[in-house]
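S.K.: Following this message is one structure expressed as structure tokens.
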Amino acid sequence: MEKKDNHYSGLQLWMLVITRVLIGWYFLYEGVSKILNPNWSSYAFLLDSKGIFAPLFKSLASNAELLSVVDSLNEWGLTAIGLGLILGLFTKVAIVCGVIVTALFSLSHPSLIGVEYMLPATDNAMWIGKNIIFILILILLYLFPTSTNVGIDRFFFRKK
């Protein structure tokens with residue numbers, strides 16, 4: 001279900017754009033901080049996985065070649081998603097990738113009652129952690145697009 005015309009009020013448009021840019025900043029910062037840290041690896045995060053997909057995530061950590069691929073995808077993927085959202089460039093692709101990556105994070109470390117992780121928690125949530133909220137915000141941004149109004153996408157996807 002795609003919206004044909006984006007007839008938002010000025011306030012609606014700018015609040016959606018600000019939300020897109022802020023979420024983009026979060027992804028960009030997460031990616032760049034990993035790229036700039038030569039000691040960063042997803043190894044501990046993957047080994048600390050709980051839930052139904054824990055065996056898959058732990059197997060990724062146990063294979064050095066796969067771990068290298070996961071690390072690169074994580075670093076550069078987060079960075080690209082962030083830039084796409086901030087700049088309004090290929091925004092739909094950035095949003096879909098953002099949903100997938102964030103869902104994988106959530107599946108690796110679900111907010112379950114009584115489950116404790118080795119790594120420090122970034123939120124104290126029961127069932128609904130920040131990743132679920134990010135996914136919902138990204139879906140909202142997909143359903144209410146702004147990059148063809150405010151963003152580089154407007155030059156690529158302009159209506160004739």
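S.K.: Based on other C-beta atoms within 10 Å, arrange PHE57, PHE105 from fewest to most. Please report the intermediate quantities before stating the final value.
M.R.: Working: PHE57 22, PHE105 18.
Ascending Cβ contact count within 10 Å gives the list PHE105, PHE57.
S.K.: Give me the net charge for the shell around ILE35: Cβ to Cβ below 15 angstrom, other residues only, Lys and Arg +1, Asp and Glu -1.
M.R.: On the way: positive: LYS34; negative: GLU30, ASP71, GLU75.
Neighbourhood net charge equals -2.
S.K.: Can you compute the charge dipole magnitude of the chain about its Cα centre, using +1 on each Lys and Arg Cβ and -1 on each Asp and Glu Cβ, nothing else charged? Give it in debye, rounded to the nearest 20.
M.R.: Roughly 720 debye, rounded to the nearest 20.
S.K.: What angle do you read, to the nearest 10 degrees and between 0 and 90, between the alpha-carbon axis of helix 130-143 and the longest principal axis of the chain?
M.R.: It works out to around 30 degrees.
S.K.: For ARG158 and TRP40, what is the calculated FRET efficiency with R₀ set at 45 Å and r taken between the beta-carbons, to the nearest 0.05?
M.R.: On the way: r = 39 Å, r/R0 = 0.88.
Efficiency computed from Cβ-Cβ geometry: 0.70.
S.K.: Using only Cα atoms, find the angle between the long axis of helix 64-87 and the longest principal axis of the chain, and express it within 0 to 90 degrees, rounded to the nearest 10.
M.R.: Between helix and principal axis, roughly 20 degrees.
S.K.: How high is the relative contact order of the chain, given as a whole-number percent (alpha carbon pairs under 8 Å, six or more residues apart)? Let's see the in-between values first.
M.R.: On the way: 181 pairs, mean separation 47.0, N = 160.
It comes to 29 percent, rounded to a whole number.
FYI, it's all coordinate maths here, none of it is from the lab. Owing to the predicted nature of the structure, the values given are computational and were not obtained by experimental measurement. Don't worry about glycine lacking a Cβ; one is built from the backbone with ideal geometry, like all the others, and counts go over all protein chains shown.
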